[in-house]
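Some notes on the structure that comes next.
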Amino acid sequence: MTTLLSTHGLVAGYGDMRALHGIDFAIGPGETVALIGANGAGKSTLLRAIMGLLPVAADMVTLDGAPVGGAAPHRMVQSGVAIVPEGRRLFAGMTVDENLRVASEHAATPQGTPWTQERVYNLFPILREKARTPVENLSGGQQQMVSIGRGLLAQPRVLLCDEISLGLAPRVVREIYEVLPQVTGQGTALVLVEQDVSLAQRASQRLYCLLEGRITLEGRSGDISREDISAAYFGASHALD
Amino acid sequence: MHWIEGIVQGILLGGLYAQYALGMALMFGVMKIVNVTHGDLVILLALIGISLADLAGIGPWSVLATLVPIGAAIGWLLQRAMLNRVVGNDPLPSLIATFGLSIALQNAMLVVWSANTRSLPGGGIQQASVEIGPLFVGVLPLIVLICATLLTGGLDAVLRFTRYGRSLRAASADVEAAAMVGVNPKAVYATATAIAVGILGFAATFQAMRSTVAPADGPFQLIYAFEAVIIGGLGSVWGAFTGAMILGVSQAIGFRINPGFGILAGHVVFLAVLAIRPQGIFQRKS
Ligand SMILES: Nc1ncnc2c1ncn2[C@@H]1O[C@H](COP(=O)(O)OP(=O)(O)O)[C@@H](O)[C@H]1O
Ligand SMILES: [Mg+2]
């Protein structure tokens, strides 16, 4: 596998509190990698650290083999890394169209077929109808679609998705997951942080499990057993049950 | 007649207040930065302009054309060197930092220009007036009002319809999320403060032409700008414009009731708005 983005002994935290203790993670072009783990395991922290939202040493994150750790988030976007953040984080007071435009106006140079607002509207037709609506008036699922659209319009080579199914109806979750192959189909790598373990397993080729800031399991999603996952997810004490 | 004249005078005065208020609407309303030096910068620019006119022998319109870029440069520097370190959702750090700077600026201006009041010669335009219906209206106040209207409309259009305006609104809605889609918030903020202080170049020129300036006058301009922005409602430039009009009219009418009551009437209206509609007249309750 060629590596597009990787982390090397990545440590990160908040003030004196260390949340990640040496993470080695890698993803290749077009690959979908799931990141699972209990609440507080450090999944969001890892995505934030990669994105440059938390201070990390330069050589802890590499993109195309070059050290990029700790670069400002807008620089990471320019080099082709984008994030669909936890909690959607849309720009309140601005319309769907404006939210998407901010992203496309500051995007990286597209590698393959560029993402356009038109293509995003084709993925999520409801957004075309809501183009002039302020984002705070959308349903949770529609807001998530805007957030994903914003991520795509950054023209990423790696898209980091943080719990995009959280709080959504199963039908909407299905709708969102159904479009993901169209994203990876053009070579974009996807990191999926997901609470729903079986959904994560089905949607990804490989997965990592995090527990208290350490990787406790890594492998091909199809090959990993339920038992292995629950041991890695809850820690060794629970695996004995 | 008496009252109509008062209202017209108030609106004309509001034109000047709107020029103070626009920059503050941008900094306080959009970026959540409290810039206590706002008024001192008006005075600093005015004093620079007066000295320029004196030393280089240039007219008021050349002074204006010089002060706007000087103001923009000062604003850009202020943001880069100081305010970008304290910007955030909490306005308190910016208040404390610029409070210190305000005192330092006033003292520095006192050293350079002394406490004397000065004004900018306008080449006769201060005395000119036109007859509109039954009223005689000063040409200069009318120019000030027209400039204020154009500046407000221009700024509003920039915020709504340009790439830059969208990036500034995105950063003010959620600065981290803006960075996550590729916006460089520090550069966006530096440009915003450059625009805000650049507009003060207009305010400074007109203030110095209409009346006088002295190094310690800044706090008045600061208060008027602040009151206009609060009356109109945070985050809306037309709101700040209207707030400035309301403030100007309140002062002018108060002055007609009793010359000593003019400034106070403005404060009373400000407090009344704060009590009855704390989100400002144009702001929806969030
Ligand atoms: N802003 C923050 N300040 C302090 N601690 C935080 C912050 N965000 C997360 N943490 C802590 O970091 C650890 C990892 O959190 P997080 O990465 O959000 O976990 P996950 O996304 O896997 O649920 C947790 O112990 C959490 O309490
Ligand atoms: Mg999380």
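The values are calculated or read from the model by the stated rules, or taken from the named source; none is laboratory data. Keep in mind the model is a prediction, meaning the values are calculated, not measured. Reconstructed Cβ throughout: ideal geometry from the backbone, glycine too, with neighbour counts over all protein chains shown. With ligands, DNA and RNA removed, areas are computed over all heavy atoms of the protein, side chains included. Shrake-Rupley method; radii C 1.70, N 1.55, O 1.52, S 1.80 Å.
Could you please let me know if residue A:80 is under 24 Å from residue A:113 (Cα atoms), at pLDDT below 95 and more than 10 Å from ligand 1 (Cβ to nearest atom)? Against the criterion (under 24 Å from residue A:113 (Cα atoms), at pLDDT below 95 and more than 10 Å from ligand 1 (Cβ to nearest atom)), residue A:80 does not qualify. Only residues that are more than 30 Å from residue A:223 (Cβ to Cβ), touching a residue at least 12 places away in the same chain (Cβ under 8 Å) and small (Gly, Ala, Ser) were counted in region A:15-72, giving 7.
Regarding region B:135-155, can at least one residue be identified that is loosely packed, with under 15 Cβ neighbours inside 10 Å, under 21 Å from residue B:206 (Cα atoms) and over 19 Å from the mean Cα position of the chain (by Cα)? Yes, region B:135-155 contains a residue that is loosely packed, with under 15 Cβ neighbours inside 10 Å, under 21 Å from residue B:206 (Cα atoms) and over 19 Å from the mean Cα position of the chain (by Cα). Can you name the residue in region A:55-82 that is of a type in the set (A, V, I, L, M, F, W, C), open to solvent by 10 Å² or more (accessible area, probe 1.4 Å) and assigned to a helix (DSSP H, G or I) and is also nearest to ligand 2 (Cβ to nearest atom) among such residues? Among residues in region A:55-82 that are of a type in the set (A, V, I, L, M, F, W, C), open to solvent by 10 Å² or more (accessible area, probe 1.4 Å) and assigned to a helix (DSSP H, G or I), the one nearest to ligand 2 (Cβ to nearest atom) is A:60. Of the candidates B:205, B:212, B:242, the single residue that is more than 14 Å from every other protein chain (Cβ to nearest Cβ), without any contact (Cβ under 8 Å) to a residue 60 or more places away in the chain and over 22 Å from residue B:89 (Cα atoms) is B:242.
Please determine whether any residue of region B:196-206 is open to solvent by 20 Å² or more (accessible area, probe 1.4 Å) and more than 16 Å from residue B:30 (Cα to Cα). For region B:196-206, residues open to solvent by 20 Å² or more (accessible area, probe 1.4 Å) and more than 16 Å from residue B:30 (Cα to Cα): present.
Taking the numbered list (1) away from ligand 2 (no atom under 16 Å from the Cβ); (2) closer than 16 Å to residue A:30 by Cα in turn, residue A:129 passes all entries but (2). A count restricted to region A:56-82 and to residues that are at negative phi, within 14 Å of chain B (Cβ to nearest Cβ) and out of contact with any strand residue (DSSP E or B) (no Cβ under 7 Å at 6 or more places or on another chain) stands at 8.
Here is the figure for region A:13-24: residues that are open to solvent by 10 Å² or more (accessible area, probe 1.4 Å) and part of a strand (DSSP E or B) total 8.
Residues in region B:263-280 that are open to solvent by 20 Å² or more (accessible area, probe 1.4 Å) and not in a helix (DSSP H, G or I): B:277, B:278, B:279. Taking region A:177-198 as the range and being open to solvent by less than 30 Å² (accessible area, probe 1.4 Å) and within 16 Å of ligand 1 (Cβ to nearest atom) as the test, the residues that pass are A:191, A:192, A:193, A:194, A:197. As for region B:163-184, it holds at least one residue that is touching a His at 6+ places or on another chain (Cβ under 9 Å) and of a type in the set (Val, Ile, Thr). Restricted to strands (runs of 3 or more DSSP E) entirely inside region A:134-241, those with at least 2 residues that are basic (Lys, Arg) are A:214-220. Selection of region A:122-136 for residues being free of Cβ contacts under 8 Å to residues at least 24 places away in the same chain and under 23 Å from residue A:80 (Cβ atoms) yields only A:122.
Every condition in (1) buried (at least 22 other Cβ atoms within 10 Å of the Cβ); (2) touching a helix residue (DSSP H, G or I) at 6+ places or on another chain (Cβ under 6 Å); (3) away from chain A (no Cβ under 14 Å) holds for residue B:217 except the one numbered (1).
For region A:83-102, the set of residues classified as within 20 Å of residue A:72 (Cβ to Cβ) and open to solvent by less than 30 Å² (accessible area, probe 1.4 Å) consists of A:83, A:84, A:85, A:91, A:102, listed by residue number.
Residues that are surrounded by 20 or more Cβ atoms within 10 Å (Cβ to Cβ) and part of a loop (DSSP other than H, G, I, E, B) occur at least once in region A:103-111.
Here's the yes/no breakdown for (1) among the charged types (D, E, K, R); (2) in a loop (DSSP other than H, G, I, E, B); (3) touching a Pro at 6+ places or on another chain (Cβ under 7 Å); (4) buried (at least 24 other Cβ atoms within 10 Å of the Cβ):
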residue	(1), (2), (3), (4)
B:39	no, no, yes, yes
B:54	yes, no, no, no
B:58	no, yes, no, no
B:65	no, no, no, no
B:88	no, yes, no, no
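Whenever a residue of region B:170-189 is within 7 Å of chain A (Cβ to nearest Cβ), its partners that are open to solvent by 30 Å² or more (accessible area, probe 1.4 Å), lying with C-beta atoms within less than 6 angstrom and at least six residues away or across chains, give the pairs B:173/A:92; B:173/A:93; B:174/A:89; B:177/A:89. Restricting attention to region A:25-54, which residues are assigned to a loop (DSSP other than H, G, I, E, B), near ligand 1 (Cβ under 7 Å from one of its atoms) and not hydrophobic (A, V, I, L, M, F, W, C)? Within region A:25-54, A:39, A:40, A:42 meet the criteria.
Within region B:106-118, is even one residue in contact (Cβ under 8 Å) with a residue 12 or more places away in the chain and more than 22 Å from residue B:220 (Cβ to Cβ)? There is no residue in region B:106-118 that is in contact (Cβ under 8 Å) with a residue 12 or more places away in the chain and more than 22 Å from residue B:220 (Cβ to Cβ). On the given criteria, is residue A:34 under 20 Å from residue A:234 (Cα atoms), within 16 Å of ligand 2 (Cβ to nearest atom) and either at pLDDT 95 or above or surrounded by fewer than 17 Cβ atoms within 10 Å (Cβ to Cβ) (or both)? Here the answer is yes, as residue A:34 does meet what is asked. All of A:158, A:191 fail the test of being at pLDDT 95 or above and within 16 Å of ligand 2 (Cβ to nearest atom), apart from A:191.
Run down A:150, A:174, A:206, A:132 and say which single residue is of a type in the set (D, E, K, R), more than 16 Å from ligand 1 (Cβ to nearest atom) and within 19 Å of residue A:46 (Cβ to Cβ). Walk me through it before giving the result.
On the way: A:150 fails: within 19 Å of residue A:46 (Cβ to Cβ); A:174 fails: within 19 Å of residue A:46 (Cβ to Cβ); A:132 fails: within 19 Å of residue A:46 (Cβ to Cβ).
On inspection, the qualifying residue turns out to be A:206.
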